[in-house]
Each structure stands twice: as C-alpha cells, then as structure tokens.
Amino acid sequence: MSISTQSAVDFSALFNQQKGTITVLDLRTAAEVQGEYLEGCVCLPVQELTPDSFDAKLNEVGHTDEPVYLLCQSGKRAQVAVDKLQGKTQRPLVIIDGGLNGLKAVGVGVKNGGGKVISLERQVRIAAGFLVVLGVALGALVSSYLYGISAFVGAGLMFAGITDTCGMAMCLAHMPWNKAKT
C-alpha cells in the first residue's frame with residue numbers, strides 16, 4: 001500500500017480533469033457532509049472506518065484499482081484513516097492536504113447541502129469551553145472539589161494537543177445531531 005499527500009492545488013486540477021472517475025472518500029460525519037460537500041464523494045465517517053467498511057464502501061463505487069483520495073475538513077481525520085488502514089488494504093491512499101478547507105481556499109467549488117451543522121472542531125471548542133466554565137462555577141458555588149472538572153478538561157486538551165487525537169471529538173461524532181437525517 002502506498003501513502004502520499006497531494007496539495008489542494010494539484011488535487012483541484014486532477015478533480016477538474018477526471019471528475020467522476022476518481023474515488024474521493026469523505027471522512028467527515030454524515031451531518032457535516034450534508035452541510036457542504038465535494039460533488040461525487042463517498043461518505044464514510046472516520047469513526048465508522050474499518051478495513052471491512054472501507055472495502056464494502058469502495059466496492060459500491062466500483063473503482064477498484066485507482067488511488068483513494070481521503071478528504072476531511074482539515075486533514076487530521078485523513079491521517080487517522082491512514083493509521084487505521086495501514087497494512088490492511090492494497091489500495092493506494094492519498095491525503096488531500098488541508099482537506100475541504102484547503103480546497104475551498106484554492107477555489108474548488110463545494111456544494112451546499114442546506115444542512116446547518118457546526119463542524120466537529122467547533123463542537124469540541126464549544127463543549128470544552130462550557131465544561132471549563134461549568135467546573136469553575138460549580139467549584140465556586142458548590143464544592144472546591146468540582147474545580148476538578150475544569151482540570152480534567154484542561155488535561156484532555158493537553159493530551160489532544162500532544163497526541164493529535166481527541167476523545168471528545170470521537171464522542172461528539174457519535175451524537176445524534178452528527179448523524180445523517182433520513
């Protein structure tokens with residue numbers, strides 16, 4: 001299996017030349033994809049990604065030997081997908097550098113799905129901020145032991161920064177508002 005990274009500019013040129021013939025796997029939550037998407041992408045949220053789900057999803061598309069271009073919001077989830085698939089697929093994997101944000105920055109047209117979804121990254125910042133404020137308020141009003149909530153969130157943010165993995169994002173991705181509306 002080969003793994004490479006392609007710049008948003010280079011992918012944009014390829015996408016415009018070969019629209020409909022390349023396989024782009026969107027790793028964002030289904031709700032994020034409903035908000036905005038790159039036309040022709042196949043959605044498989046990274047939290048649902050396994051080698052079996054990867055193979056099943058790509059068999060539906062039918063492009064069997066071509067590289068799979070991994071797309072997410074900024075590129076972080078694409079790297080997580082590579083880590084999950086490392087040594088478990090023969091398909092060449094290509095990370096789109098900068099993700100959807102990078103593509104939009106170079107002028108690639110994304111479709112607006114009409115959904116009003118807050119990105120997973122913003123949801124994490126909102127939830128972390130809320131929990132810190134809650135911990136401070138409860139620590140001041142109820143018991144000083146409840147300052148521990150804020151300390152726990154701070155430690156979690158430090159861990160996320162050091163390891164580039166976020167447990168809160170993984171939990172939030174499973175919330176009902178991040179699932180596709182049927």
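The values are calculated or read from the model by the stated rules, or taken from the named source; none is laboratory data. This structure is a prediction, so every number in the text was calculated from the model and none was measured. Every residue, glycine among them, receives a Cβ derived from its backbone with ideal geometry; neighbour counts consider all protein chains shown.
So here's what we get for this one:
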item: Qualifying residue in the stretch 1-9 (condition: assigned to a loop (DSSP other than H, G, I, E, B) and of a type outside the set (G, A, S)); result: yes
item: Tally, over the stretch 139-157, of residues that are among the β-branched types (V, I, T) and closer than 14 Å to A127 by Cα; result: 2
item: Any hit, the stretch 99-121, residues being touching a strand residue (DSSP E or B) at 6+ places or on another chain (Cβ under 7 Å), among the β-branched types (V, I, T) and touching a residue at least 60 places away in the same chain (Cβ under 8 Å); result: yes
item: Options L85, L134: the member that is assigned by TED's automatic domain parsing to the domain that holds D55, surrounded by 14 or more Cβ atoms within 10 Å (Cβ to Cβ) and at pLDDT 90 or above; result: L85
item: Residues satisfying the stated conditions in the stretch 14-42, i.e. without any contact (Cβ under 8 Å) to a residue 24 or more places away in the chain and either in contact with a helix residue (DSSP H, G or I) (Cβ under 9 Å, 6 or more places away or on another chain) or surrounded by 21 or more Cβ atoms within 10 Å (Cβ to Cβ) (or both); result: G40, V42
item: Number of the exception - G156 against (1) more than 25 Å from E36 (Cβ to Cβ); (2) assigned by TED's automatic domain parsing to the domain that holds E48; result: (2)
item: Test: G161 is in a loop (DSSP other than H, G, I, E, B) and exposed (fewer than 11 other Cβ atoms within 10 Å of the Cβ); result: no
item: Candidates I96, I126, filtered to the one that is at pLDDT 90 or above, buried (at least 20 other Cβ atoms within 10 Å of the Cβ) and not small (G, A, S); result: I96
item: Condition check for E121: modelled with pLDDT under 85, among the acidic types (D, E), in contact with a Ser or Thr (Cβ under 8 Å, 6 or more places away or on another chain) and assigned to a helix (DSSP H, G or I); result: yes
item: Selection from the stretch 13-38 of residues that are farther than 17 Å from Q73 by Cβ and of a type in the set (G, A, S); result: A13, G20
